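Below: one structure, written as structure tokens.
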Amino acid sequence: MDLAEELAAQQRSISVAEFFEKNKHLLGFDSPTRGIITTIKEAIDNSLDACEEAEVLPDIYVGIKRVDKDVYRIIVEDNGPGIIPKQVPYVFGKLLYGSRFHQIKQSRGQQGIGISAAVMYAQLTTGVPTVVISRTGHKSKAHRFEILIKTEQNEPQVLKDEEIDWDRMHGTRVEIEFKSTLAAKKKLIDYLRYTAVVNPHARIQADIDGEKYTYERAVEQAIVPPKAIAPHPHCIEFGQLKRMADTSKDKVKDFLINGFSRVGEKSADEILGIAKIKPDRKASGLTSDELKVLLDAMQTVQIPPPPASICLSPIGEESIVQGIDKEYELDFVRSKTRKSQVFSGHPFIVEAAIGYGGKLDGDGPGQLLRFANRVPLLYQQGACVITEAVLGINWKLYNLSQQGLPMGPVLILVHVASTNVPFTSESKDAIAAIPEIQKEITLALQELGRELKNFISRRDKNRQVEERARAVCAILPDIAAKVSEIVEKPVPDVTPLEAQIMRKVVVKKRVNNETGKTEIVINNFTRNAVTLTLYCMSPDNA
């Protein structure tokens, strides 16, 4: 056998499962420390997506239990709609299997890799099968599966499938065991907290090796799930257009109107006019050259952007504030949801919030919370367009000191919602530097920065006034005593004057011993109207 034949004999195809088994770092399983966070993230993403699609308020339990020196059992349980039994092995035991990859709408998971990658990671480190329990309703029995992945074929291997009694009416529970460590426990708790902030409609309970945490929901209203839309002419590529045309039974004009978002009669006629293609021709009969001309025409014609109100589900300004208030005690918090924009035909919305003061750490840089489609981004902060936008703002203009990130007790939150978040890698840790996205982040933060500047300016001014007033009030008794001595009269009560200077509310109680009547005198020396609640403490035990 010569060398060429010997080399040819060594060549073979590999499955996607085999590829990711050797390149697990691409999916966020590059270390035992990170593996535990990635697994919980992927499971919670699935749970939240499922609950929202069913319009159910999410109730999620997360459990982490050490079962050996360096082996942990991860449990994530939800109250979603459940998964029908025949689909369970494929959802958890086959990479690139899912329902969202071909749908153009906002969702946390898209590729169908995440949770099955966690199953594969467990199989790789411990060989223990993943346990899945799922139930679709009170009329159905719960099914319990034990699943592995045949990496050579990228197919599930079901070791056990049995019906069991389960106290949940509907939902899914997954148990995964793998080698890991809780060295990054703080980061894990941060992830749960951040998830609660941008998902204020969810209730999350966690038991992390015996330590319990609860993140209550702040909003008692389920999210209206976004709906899938057709591809927009400005975001399609030749291969996708050819595949769509080859499988279409429509005439080319109907193909454009029915197959693409925002294309109507007028737009279709304009596209076909530029491409010089007759509208009554069959789309499947177009040659590659004709499709290339058609594609150029589609991307030349001015077509309205995709309907973001249908396919996107932003958090909303009020909900963001409620989510932050629930988890942080702040003196100031404001949020802003920008209008939808488009990059390369993909709709996106930027939301931002700034919190200040309260119990935030006043030393060192402020906190930056990054999110994409309601999912926290914990890693690769320096490679993210959100960080780039924050660093590009002159925060000194907004009364904040700055060394890269703004300094002091400040919290900055940025959320990017899109049908196609441009992540820098498969692990979805950072958003690529898309100019349109960076511009929207900058504008949102600058607007919030102006509000923060006004708050800090008012606070500082009020502090100065109060300090001066305290200084005056400190010497008033001495002045009153000296004056009374000079004029040889009793020392007057300076309390009303102090209250007037300090802008306080003074309440005095006067009792007439002869009539038994009590008079309450209230003087409001503040600049604003006030509401008071008066309590009378009676010495009578009755």
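Only the coordinates and a few stated rules stand behind these numbers; no lab work does. Please read these numbers as outputs of a predicted model, since none were measured by experiment. Every residue, glycine among them, receives a Cβ derived from its backbone with ideal geometry; neighbour counts consider all protein chains shown.
Just a few scattered comments:
- Long-range HN-HN contacts of Ser180 with modeled amide H, under 5 Å: Val71, Tyr72
- Ordering Leu95, Leu295, Ile354 by the projection of their Cα atoms onto the charge dipole of the chain, which places +1 on the Cβ of Lys and Arg and -1 on the Cβ of Asp and Glu, puts Ile354 at the extreme positive end.
- With a Förster radius of 41 Å applied to the C-beta separation of Asp478 and Glu211, the computed FRET efficiency comes to 0.15.
- Taking a straight line from the alpha carbon of Lys141, these lysines sit under 22 Å away, with near neighbours fewer than eight places off in the same chain left out: Lys86, Lys160.
- Counting only aspartates and glutamates at least 8 places from Lys253 when in the same chain, those with an alpha carbon closer than 19 Å to its own are Glu237, Glu265, Asp269, Glu270, Asp280, Asp289, Glu290, Asp296.
- Using Cβ point charges alone (K and R +1, D and E -1), the dipole size of the chain about the Cα centre works out to roughly 1120 debye.
- Computed from backbone phi, the HN-Hα couplings of segment 378-388 come to 9, 10, 6, 4, x, 9, 9, 5, 4, 4, 4 Hz, rounded to whole numbers (Karplus: 6.51 cos²θ - 1.76 cosθ + 1.60, θ = phi - 60°; Gly and Pro given as x).
- Exposure here means at most 15 other Cβ atoms within 10 Å; with GluC sites (Glu not before Pro) in a DSSP loop as sites, the longest stretch of the chain lacking them is 330-487.
- Mean residue ellipticity at 222 nm, helices only, the chain: -11500 deg cm²/dmol; runs of at least 4 DSSP H residues each add -39,500 (n - 2.57), and the sum is divided by the number of residues.
- Among the listed pairs Lys187/Lys453; Lys105/Lys326; Lys65/Lys94; Lys150/Lys186; Lys212/Lys359; Lys336/Lys396, those with a Cα-Cα distance over 24 Å are Lys187/Lys453; Lys105/Lys326; Lys65/Lys94; Lys150/Lys186.
- Relative frequency of Cα-Cα separations exceeding 30 Å in the chain, percent: 63
- Each residue of segment 311-327 was assigned a 3J(HN,Hα) from its phi angle through the Karplus expression (A = 6.51, B = -1.76, C = 1.60, θ = phi - 60°), giving 9, 10, 9, x, 5, x, 4, 5, 5, 4, 4, 5, x, 5, 4, 5, 9 Hz with x at Gly and Pro.
- All other residues whose Cβ lies under 14 angstrom from that of Arg510 are scored, Lys and Arg at +1 and Asp and Glu at -1, for a net of 0.
- Listed by chain and number, the lysines whose C-alpha is less than 25 Å from the C-alpha of Lys482, apart from same-chain residues fewer than 8 away, amount to an empty set.
- Rounded to the nearest 10 degrees, the angle from helix 435-487 to the longest Cα principal axis of the chain is 10 degrees.
- Potential lengthening of the chain between Asn524 and Arg243 amounts to 93.6 nm, from the contour at 0.36 nm per residue minus the alpha-carbon distance.
- Rounded to the nearest 20, the size of the Cβ-charge dipole of segment 16-215 about its Cα centre is 320 debye, with Lys and Arg at +1 and Asp and Glu at -1.
- Relative to the dominant Cα principal axis of the chain, helix 32-53 is inclined by about 90°.
- Zone residues, segment 183-213, relative to Asp361, backbone N less than 14 Å from point 7 Å out along Cα-to-Cβ: 186-187, 190
- Segment 275-321 and segment 185-221 have their alpha-carbon centroids 39 Å apart.
- Cut-off under 5 Å, modelled amide H: who pairs with Gln402 long-range: Met407
- Segment 508-532-segment 339-408 distance, computed between alpha-carbon centres (Å): 50
- A Cβ-based charge dipole, computed about the Cα centre of segment 326-456 with Lys and Arg at +1 and Asp and Glu at -1, lands at about 320 debye.
- Hydrodynamic radius of segment 233-300 per Kirkwood, over alpha carbon pairs, in Å: 11.4
- Val506 paired with Asp280, simple spin-label distance in nm, labels 7 Å along Cα-to-beta-carbon: 9.5
- Around Thr130: net Lys/Arg minus Asp/Glu count, Cβ-Cβ under 10 Å: -3
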